[in-house]
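Notes to accompany the following structure.
The values are calculated or read from the model by the stated rules, or taken from the named source; none is laboratory data. On a predicted model such as this, the values are computed, not experimentally measured, just so you know. Cβ sites come from the backbone with ideal geometry, for glycine too, and all protein chains shown count toward neighbours. Surface accessibility is based on the protein's heavy atoms, side chains included, excluding ligands, DNA and RNA. Shrake-Rupley method; radii C 1.70, N 1.55, O 1.52, S 1.80 Å.
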Amino acid sequence: MTETTVSEVMAELAELEDPKTREVNEKHGDDHGVNLSKLRALAKRLKTQQELARQLWETDDTAARLLAILICRPKAFERAELDVMLREARTPKVHDWLVNYVVKKNPHSEELRLAWSADPDPVVASAGWALTTERVAKKPEGLDLAGLLDVIEAEMKDAPDRLQWAMNHCLAQIGIEHAEHRTRAIDIGERLEVLKDYPTSPGCTSPFAPIWITEMVRRQR
């Protein structure tokens, strides 16, 4: 892909920029104003283009990086490359999409999960916890679930926001998926009271772990 193609894509993203969308996104820490449905439509038109994706990522523009994630080939990235990309992901949406759409599909995801979970940077560590939550739900064999609950019990209450959110999700997932740990997971949630007062829209499930676990188990039944 030539540099002009990147320029053309950047020009198209600039045309899609909407001030009202940016205003809403910036409240969540995401500095872009492109409607995500329109972004996905653009990605669908461009199809998979790994080299273009790499070049769009290098622009350091949030909308361009989200587009890069949608048109890349997740399995084509090396472990070290993904580690650098995660540390460069400045905004929550880029971070979340990178973990969910790329890292989870990459053959190095388990190595990265272990490395990131132990990282001193809480935002990097939150990615490790997100990957752990995925394993709790889909491939729990070999995970020390009781040990994970020990760490959550000791560290979640005082963890920075994004790390706390990721640990809380893992707590809920353990309680939802693994009946033998459910009582303890609910008890930890009740004692720590993390996200207990989180504002929840009508019809949505609260992220407070005891409510979340109870509701999801009820639906499964």
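Relative contact order for the stretch 52-99: 35 percent, from Cα pairs under 8 Å spaced at least 6 residues apart, divided by residue count.
Please report, in debye to the nearest 20, how large the charge dipole of the stretch 84-221 is about its Cα centre when each Lys and Arg carries +1 at its beta carbon and each Asp and Glu carries -1 there. Please report the intermediate quantities before stating the final value.
Numbers: 18 positive and 21 negative charges, 119 e Å.
The calculated dipole for the stretch 84-221 is roughly 580 debye.
The largest accessible area among His178, His28 belongs to the first residue in His28, His178, and the rest follow in falling order (1.4 Å probe, all chains).
Work from the charge dipole of the chain (Cβ charges, +1 for Lys and Arg, -1 for Asp and Glu, about the Cα centre) and give the residue of Leu52, Ser201, Ala159 farthest towards its positive end. Result: Ser201, furthest along the dipole toward the positive end. Mind checking which of Gly203, Gly175, Gly29 has the largest fluctuation in a GNM of the chain, springs on alpha carbons under 10 Å? With Cα springs under 10 Å in the chain, the top fluctuation among Gly203, Gly175, Gly29 is at Gly203. Against the longest alpha carbon principal axis of the chain, how many degrees, from 0 to 90 and to the nearest 10, is the axis of helix 145-155 turned? For helix 145-155, the angle is close to 80 degrees.
Nearest 0.05, what FRET efficiency do Ser206 and Ala11 give at R0 = 30 Å with Cβ-Cβ as r?
So the FRET efficiency works out to roughly 0.10.
Ranking Ala14, Ala64, Ala185 by Cα position along the charge dipole of the chain, where only Lys, Arg, Asp and Glu carry charges on their C-beta atoms, puts Ala185 farthest toward the positive end. Comparing Ala154, Ala172, Ala11 in a Gaussian network model of the chain where C-alpha atoms under 10 Å apart are linked, the largest mean-square fluctuation is found at Ala11.
Take the Cα gyration tensor of the chain, multiply each eigenvalue by 5, square-root it, and list the three semi-axes largest first, rounded to whole angstrom.
Details: eigenvalues 231, 81, 45 Å².
Rounded to whole Å, the semi-axes are 34, 20, 15.
Placing pseudo-labels 7 Å out from each Cα toward the beta carbon at Thr59 and Lys138 gives an inter-label distance of 2.9 nm.
Calculate what fraction, in whole %, of the accessible area of the chain sits on carbon and sulfur atoms when a 1.4 Å probe is rolled over the protein chains. If you can, show how the numbers build up before the last one.
Values: 6070 of 11770 Å².
The nonpolar share, carbon plus sulfur, comes to 52 percent.
In this structure the stretch 60-164 gives 45 Å² per residue of accessible area when probed at 1.4 Å with all protein chains present. Each label point was placed 7 Å from the Cα along the Cα-to-Cβ direction; for Asn100 and Val24 their separation is 1.6 nm.
The equivalent ellipsoid of the stretch 63-127 has semi-axes of 17, 14, 9 Å, largest first, where each one is the square root of 5 times an eigenvalue of the Cα gyration tensor.
The C-alpha atoms of the chain define a longest principal axis, and helix 79-88 lies at about 90 degrees to it.
Working note: Cα gyration tensor of the stretch 121-199, eigenvalues times five, square-rooted, sorted largest first, giving semi-axes of 18, 16, 10 Å. For the chain, the tally of Lys pairs with Cα-Cα distances below 22 Å comes to 27, considering only residues 8 or more apart or on different chains. Model label sites at Gln220 and Asp187, defined 7 Å from Cα along the beta-carbon direction, differ in position by 1.9 nm.
For the residues Pro107, Pro160, Pro199, a GNM of the chain with alpha-carbon springs under 10 Å puts the largest fluctuation on Pro199.
Within the stretch 37-167, all pairs of alpha-carbon atoms sorted by distance into 10 Å bins from zero give the percentages 12, 43, 31, 12, 2. Multiplying the residue separation of Asp121 and Lys75 by 0.36 nm and subtracting their alpha-carbon distance yields 14.0 nm.
What is the gain in length, in nm to one decimal, between Leu114 and Ser37 on full extension, counting 0.36 nm per residue of separation less the C-alpha to C-alpha distance?
Details: separation 77, 0.36 × 77 = 27.72 nm, distance 3.34 nm.
That pair, Leu114 and Ser37, stretches by 24.4 nm at full extension.
When nucleic acids and ligands are ignored and a 1.4 Å probe is applied, Met10 ends up with an accessible area of around 60 Å².
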